[in-house]
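Written out below as structure tokens is the structure these notes cover.
The values are calculated or read from the model by the stated rules, or taken from the named source; none is laboratory data. Keep in mind that what you see is a predicted model, and the values were worked out from it rather than measured. Glycine also receives a Cβ, built like all others from the backbone with ideal geometry; neighbour counts cover every protein chain displayed.
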Amino acid sequence: MPESNRSLIARIDSLTLLLYLILVVIGLLSVFSVEYNSTDVGIFLKGKSYTSQTIFFGISLFVGIVILFTDSKAFASGAFLAYFLGILLLVLTIFLGKNVKGSHSWLQIGPMAFQPGEICKIFTALALAKFLSLSETNFHTLRHRIIAVSMALLPCILIILQNETGLALVYFSFILALYREGLPNSILIIGFSTVALAITTLLLSQLTIFLLLSAIAGLFTWLLWKRLLINRQLRFVLIGSYGVALLFSQIIVPFTFKKVLQGYQIQRIYSMLGQEVPEAYMKAEDIAKMQVGKKKDDNYNVKQSKIAIGSGGLLGKGFLNGTSTKNNFVPEQHTDFIFCSIGEQFGFVGSALLILLYVGLMIRISILAERQRSTFSRVYAYSVASILFFHFAINIAMTIGLAPVIGITLPLLSYGGSSLLSFSCMIFILLRLDADRAVLIR
């Protein structure tokens, strides 16, 4: 082996690679555990999800090796072109997408089907890193901040048009990477305030919200006036904030629930809040089914998930002994609800160890990010960590009933070729950039 290749291999961060491999192997075993039967005549059987996932893992490793031996500067030079192609694929998917469980986010090319939204996460991370690393970019200006945020949210809008809400929400994770690069604290404050106002709007009546917002605005005005801090600029901010909050709570949230969200999505959001869906937000078909007693329990997945995880106790039932997951009581148990198999078979201890592995991987990626000489490599690394965090946090939260079920996979564990390949590519690109961390990449 040439010396240059030896030096490259020596520069690859072994801890990140090891954590990646451990999580993928746990994923393969988890998918295997929910599908394997003692009556099966072999292990790798045709038509089994764990067989396909093993093949996807082999493909991911091959692509990863190709990435490791690619010039690291190629990722920066081709970032904008890749982003443009990703956007083009997302637009095509809106019109040509394959219908899978109500969404049109899958593109069929011959015998192969994949989600462009999964692959576009990589392209968006590279494009953002490229934009922020340009010498003419000044991220402290409003114009460049708007451009960066728009680059992150454009794929999100296109994926929402494909009726794939869960995957679209992941693109908000790029806000965390941008925050590291200088996005002001006010953005996070506005974000958390919006979420809090949305939840409050769902729990209280519109009249109550109107009176509450008016009282808060009046209190702030009185306090500022009493301290002689009120001026034209502050009046503008107060009036503007009050108006936006009213618009959001009185018009945007009701419109979204009545015209945008599907019935099952509304049911899951209210189930998470411990509330019944108000009749104003019920769809006509749901009301009709309720009247004849045939309304489907849209919270069934979460209920069965909690039963499976809770039945594992402290140490679990043991590998291949998960009765709930093996007997198909938990829908989507090998994809969105793969965490149930860990909880049932290995209990609280096994679940905690898995969470520690994820946290360890994200901390390690953050350490890699901070040691980069190049802005491009640092922004890309934080983008990868942010995407991992969103997938990890939301997936586990929805399996235990702390978040609505929105179809977000558990990174490297859930079954799915597009998901495994995209996360593998993200991590291997990061390893390749980190191997050249002494090089200034733009």
Only one of these is over 20 Å from Asp436 (Cα atoms) and among the small types (Gly, Ala, Ser): Ser33, Ser72. Name it.
-> Ser33
Filter result (without any contact (Cβ under 8 Å) to a residue 12 or more places away in the chain and of a type in the set (A, V, I, L, M)) within region 101-123 | Ile109, Met112
Looking at this structure, is Glu344 closer than 27 Å to Thr51 by Cα and acidic (Asp, Glu)?
-> yes
Condition check for Ala82: modelled with pLDDT of 90 or more and exposed (fewer than 13 other Cβ atoms within 10 Å of the Cβ) | no
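This table checks each residue for (1) modelled with pLDDT of 75 or more; (2) touching a helix residue (DSSP H, G or I) at 6+ places or on another chain (Cβ under 7 Å); (3) surrounded by 13 or more Cβ atoms within 10 Å (Cβ to Cβ); (4) assigned to a helix (DSSP H, G or I).
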{"residue": "Lys294", "(1), (2), (3), (4)": "no, no, no, no"}
{"residue": "Ser305", "(1), (2), (3), (4)": "yes, yes, yes, yes"}
{"residue": "Ala308", "(1), (2), (3), (4)": "yes, yes, yes, yes"}
{"residue": "Leu320", "(1), (2), (3), (4)": "yes, yes, yes, no"}
{"residue": "Thr325", "(1), (2), (3), (4)": "no, yes, yes, yes"}
{"residue": "Phe348", "(1), (2), (3), (4)": "yes, no, yes, yes"}
Flag if Phe114 is modelled with pLDDT under 90, surrounded by fewer than 22 Cβ atoms within 10 Å (Cβ to Cβ), of a type in the set (A, V, I, L, M, F, W, C) and in contact with a helix residue (DSSP H, G or I) (Cβ under 8 Å, 6 or more places away or on another chain) | yes
Enumeration of residues in region 353-378 that are outside any loop (DSSP other than H, G, I, E, B) and either among the small types (Gly, Ala, Ser) or under 13 Å from Met426 (Cβ atoms) (or both) | Gly360, Leu361, Met362, Ile365, Ser366, Leu368, Ala369, Ser377
If you scan region 383-442, which residues turn out to be among the hydroxyl-bearing types (Ser, Thr, Tyr) and assigned to a helix (DSSP H, G or I)?
-> Ser383, Ser386, Thr399, Ser418, Ser419, Ser422, Ser424
Name every residue in region 170-209 that is modelled with pLDDT under 85, within 21 Å of Gln250 (Cα to Cα), part of a helix (DSSP H, G or I) and hydroxyl-bearing (Ser, Thr, Tyr), in order of residue number.
-> Ser193, Thr194, Thr200, Thr201
Applying the selection to region 218-231, what residues are at pLDDT 80 or above and surrounded by 12 or more Cβ atoms within 10 Å (Cβ to Cβ)?
-> Gly218
Being under 26 Å from Gly316 (Cα atoms), touching a residue at least 24 places away in the same chain (Cβ under 8 Å) and crowded, with 23+ Cβ neighbours inside 10 Å narrows Leu430, Leu413 down to just Leu413
